[in-house]
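The values are calculated or read from the model by the stated rules, or taken from the named source; none is laboratory data. If you're wondering where the values come from, they're calculated on a predicted model, not measured in any experiment. Counting neighbours? That spans all protein chains shown, and the Cβs are built from the backbone with ideal geometry, glycine included.
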């Protein structure tokens, strides 16, 4: 007998509203329905009402974890339109912030994955080791998250010379801790039993579904925007793209853990280059002057912790974007659950859906409402307003007012 | 007069009140140690009591799709059974003359009732996740009961009797079961069975908050939830005491032995808490394979060794 088990829209395994409906036969999942659209915020439309320089602050709020990747892709899109090159110092500072973000995002995921399989010790330890990282980000940018460093034509502030030592010290200790966590994952037989051959998503499926980031690289699909479309100084830096083969949850964890080492390497190289440059002489090293934005269009691509994020902007010469389109990696990655969840058990479903490191809020762009009552229908905005008004009316009646 | 004495034994000491207080304190130890392992601070000692009192004052919601009678009675049945198991176990330990023939079988049997009551309660809740949790609880029950019964037989084979009085008497005369090879093997198996019986990680499969959002507990609220939580606390108390009685010379309040009693109990729950914090949750099929594979083999080896006299 096939039964339906809901995961979501609100569920302990999901930090944000999302709805997976599992069709189960006993413990085995035979099919999955994915419904997105529970936290639509209209950011693309909002962006069209902001000036060019305000938009980075808005797109920073697309996602709390990728709060550097979205502005990065956006400013690259505008710089693509303008055809300008930003100063070298700004390029390295951008990369440092972006890679620090990748580190904290991956550590956050590893901790959450531990929580999802009931391994709360991993959860707490990972997040503890992530704290010094956030402290450094706060010292450098002023915020633990939402760094507000990206700006069209450069960055908003310099990293003071005296911070380099602190960053290096933090990176050294993080390298050790990351080594510890990686070994703990690779050596633990129970983690092997829980994650190996679970939620397999292979290379062909990656191509078919357009999977991105660690989700794709775990399945052997070698794609990394930092290498494939190098922006800023990425082309001058030496780093490896981590690719695994099996595409199961274990590989997804391993890819993220090993990418942490690569991120640390990248930051160290950037710090070296910055030290060679010496202290900053004047503000032109941070940001170039940007005048009017001419009509035209631009595309910015950056490898966010979850995969390639793409921003497209079109200008008609006014002081706001005419069209701003965001394609976040989770939009592709969440749909991979359609292939990776069926065939596994309910116990694994939560873990697999979480293994793509879903960031639901950056994915939401559909105003459709599905109601799980056997029948499904679509409500328009007008319907929703009408229903809402009717409910208010009913409550008012019940209260006798 | 007898009736009043039994009532006192069942409701006050060593029955409900005593068991509940110690059980809740044990859950505090669990939370505190877990928190320290996680580098957190952890709650103050009275937190489980405050939680229970708070839950008792909260609204009880019975879901529209639930069978209210079964849903609400199940936790109470579980509580009554867990309390009874504790009362029999303690009476046999403190006053050996109150032991009766086959009381170890009775306790073993009664200790399955809290799990069965959760199966009934969750099935009556009408929640698909609850029903899935109930199915898992049932499979888990089948999985760990088999090795548990067999390792109990190792003691019984040695002693030649099912009654706690004889078991305790044998241990005080000939040394504890843990002193023998079969006893050590049986003890290890018993710890894992206790872990599953208390539905602690890695065997918290029926609840699995990140998979089933509470599973068997999902629909409980207010006073019934308090009873469910109390049940778990009591089982966390009864199961180690059962193991101590069977393999580690029993418990006592006489003189200095009160200290060793506490140490034995704390040692067992510390092992359980550490297992809980150093392992992820396994899947139900892996759990069944674990109990019917390695654990069953170990328990049979222990039984054979016991028969041979080791």
Quick check, is residue B:210 within 14 Å of another protein chain (Cβ to nearest Cβ), touching a helix residue (DSSP H, G or I) at 6+ places or on another chain (Cβ under 9 Å), under 27 Å from residue A:351 (Cα atoms) and part of a helix (DSSP H, G or I)?
yes
**OP:** Answer yes or no: is there a residue in segment A:61-77 that is within 12 Å of another protein chain (Cβ to nearest Cβ) and within 20 Å of the chain's Cα centre (by Cα).
**Re:** no
Note on residue A:111: of the conditions (1) away from chain B (no Cβ under 14 Å); (2) free of Cβ contacts under 8 Å to residues at least 24 places away in the same chain, unmet is (1)
Subset of segment B:276-290, residues over 20 Å from the mean Cα position of the chain (by Cα) and either assigned to a helix (DSSP H, G or I) or at pLDDT 90 or above (or both), comes to B:285, B:286, B:289
So residue B:78, is it at pLDDT 90 or above and either surrounded by fewer than 16 Cβ atoms within 10 Å (Cβ to Cβ) or within 30 Å of residue B:222 (Cβ to Cβ) (or both):
yes
**Report entry** Flag for residue B:196 being assigned to a helix (DSSP H, G or I), in contact with a helix residue (DSSP H, G or I) (Cβ under 8 Å, 6 or more places away or on another chain) and farther than 22 Å from residue B:84 by Cα
**Finding:** no
So, first residue free of Cβ contacts under 8 Å to residues at least 24 places away in the same chain in segment B:154-181, second residue part of a helix (DSSP H, G or I) and surrounded by fewer than 19 Cβ atoms within 10 Å (Cβ to Cβ), Cβ within less than 7 Å, six or more apart or across chains; the pairs are B:159/B:166; B:159/B:170
For segment B:279-290, the count of residues that are free of Cβ contacts under 8 Å to residues at least 40 places away in the same chain and touching a helix residue (DSSP H, G or I) at 6+ places or on another chain (Cβ under 8 Å) equals 1
Of the residues in segment A:22-45, those that are loosely packed, with under 15 Cβ neighbours inside 10 Å and at pLDDT 85 or above come to A:45
Expected single match for closer than 21 Å to residue B:184 by Cα, more than 14 Å from chain A (Cβ to nearest Cβ) and either assigned to a helix (DSSP H, G or I) or modelled with pLDDT under 85 (or both) among B:234, B:258, B:273, B:301 is B:301
For residue A:243, are the conditions met, namely being touching a residue at least 12 places away in the same chain (Cβ under 8 Å), surrounded by fewer than 20 Cβ atoms within 10 Å (Cβ to Cβ) and over 21 Å from residue A:150 (Cα atoms)? yes
- Could you say whether any residue in segment B:175-192 is in a helix (DSSP H, G or I), surrounded by 21 or more Cβ atoms within 10 Å (Cβ to Cβ) and within 14 Å of chain A (Cβ to nearest Cβ)? yes
The lone condition residue B:293 fails out of (1) within 14 Å of chain A (Cβ to nearest Cβ); (2) under 30 Å from residue A:28 (Cα atoms); (3) touching a helix residue (DSSP H, G or I) at 6+ places or on another chain (Cβ under 9 Å); (4) in a helix (DSSP H, G or I) is (3)
task = Return yes when residue B:31 is without any contact (Cβ under 8 Å) to a residue 40 or more places away in the chain, in contact with a helix residue (DSSP H, G or I) (Cβ under 9 Å, 6 or more places away or on another chain), assigned to a helix (DSSP H, G or I) and within 14 Å of chain A (Cβ to nearest Cβ) and no when it is not.
result = yes
Reported set for segment A:19-36 where residues are within 14 Å of chain B (Cβ to nearest Cβ) and within 12 Å of residue A:340 (Cα to Cα) is A:29
